[in-house]
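Participant: Here it is, the structure, as structure tokens.
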Amino acid sequence: MIRPLIGMELKGMRLYRTFLFVNLLLMPFALLFMMLMNSSSRTPEDISYLVSGFIVVSLVSSFLGTLTNRVSNVFEPSVLELYSTLPPRISAVVLAQFLTYSLLVLPQVLLGLAVIVYYQGTSRINIPLLILALSLTFLELGALAVSIGAKIGNPYKAMAVTGILPWLLVVFSPAYYRSSSPVLYLNPITFLLSCIRSTIGLQSVSPTPCLFRWL
């Protein structure tokens, strides 16, 4: 059931292909290009720090925003009435949307990781833990997107929220600057950044993120 629903989502996205191309590919790659063009005076560790921030920030701005808008459309009352007459459950439709947009943003994540490997090498990267950290990032951002989209239930209102929320999450996190302030761990993005950076050797594994995460 999931595979046909993913196919339907991909077909339905043709109406928004320009928006998706700009949001999921053009803007993230342009940001990464500008970061690398300005990296001549930085060490490989500094570049890896910035690129790891880019990976999470691009997921927040593209994956979180796009999935929230699509889920809010599904939970719109008129659309819910339509799905009530169809075989697929709403949970299966939302899962298909999550998988679809996870696959679409995967290229920017892989490109960011390729840049980190190029500058830093693989000796300091714990690949199994990195895969686990990235999986956690997708799951947490996906859960946040589904929660917000289902609560709003209106794609127009969701666009207003996703225009502000990513900005707040990024500004109050050490995505592009170094900070060890415990207050920043109240932001879930800081927790995700800490998990990813600890797996690529940029910082030691610390219980602080987990402590603040589950308080």
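Read-outs throughout are calculated quantities, based only on the coordinates presented, and are distinct from any laboratory measurement. Because the structure is predicted, anything quoted here is derived from the model rather than measured. Here the Cβ is made from the backbone with ideal geometry for all residues, glycine too, and neighbour counts use every protein chain on show.
Participant: Quick one: the Cα spread of the chain along its three principal axes, in angstroms, biggest first?
Facilitator: Sorted largest first, the three principal extents are 57, 38, 31 Å.
Participant: To continue, here is another question. Sorting E76, E81 on the 10 Å Cβ count, fewest up front, what's the list?
Facilitator: Details: E76 17, E81 9.
The order, fewest Cβ neighbours first, is E81, E76.
Participant: Right, something else. Just rank F98, F21, F138, F172, fewest to most, by other beta-carbon atoms within 10 angstrom. Write out the running numbers ahead of the final one.
Facilitator: Numbers: F98 23, F21 11, F138 19, F172 14.
With the fewest neighbours first, F98, F21, F138, F172 line up as F21, F172, F138, F98.
Participant: Oh, and also: How compact is the stretch 95-215 by the rule of thumb for globular proteins, expressed as Cα Rg over 2.2 N^0.38 Å? Can you show the working numbers first?
Facilitator: Numbers: Rg = 15.5 Å, N = 121, 2.2 N^0.38 = 13.6 Å.
Relative to the rule-of-thumb radius for its length, the stretch 95-215 sits at 1.14.
Participant: Per-residue ellipticity at 222 nm for the chain, helices alone: DSSP H runs ≥ 4 residues times -39500 (n - 2.57), over residue total, nearest 500 deg cm²/dmol?
Facilitator: Working: 11 runs with 152 residues, N = 215.
Using -39500 (n - 2.57) per qualifying helix, the result is -22500 deg cm²/dmol.
Participant: Only Cα pairs within less than 10 Å get springs; with that Gaussian network setup on the chain, which residue of I47, I196, I131 has the largest fluctuation?
Facilitator: Fluctuation is largest for I131.
Participant: Order these peptides, 24-33, 108-117, 61-70, by their mean beta-carbon neighbour count within 10 angstrom, highest first. Spell out each step's value before the answer.
Facilitator: On the way: 24-33: 15.8, 108-117: 18.6, 61-70: 24.1.
The packing order, highest mean first, is 61-70, 108-117, 24-33.
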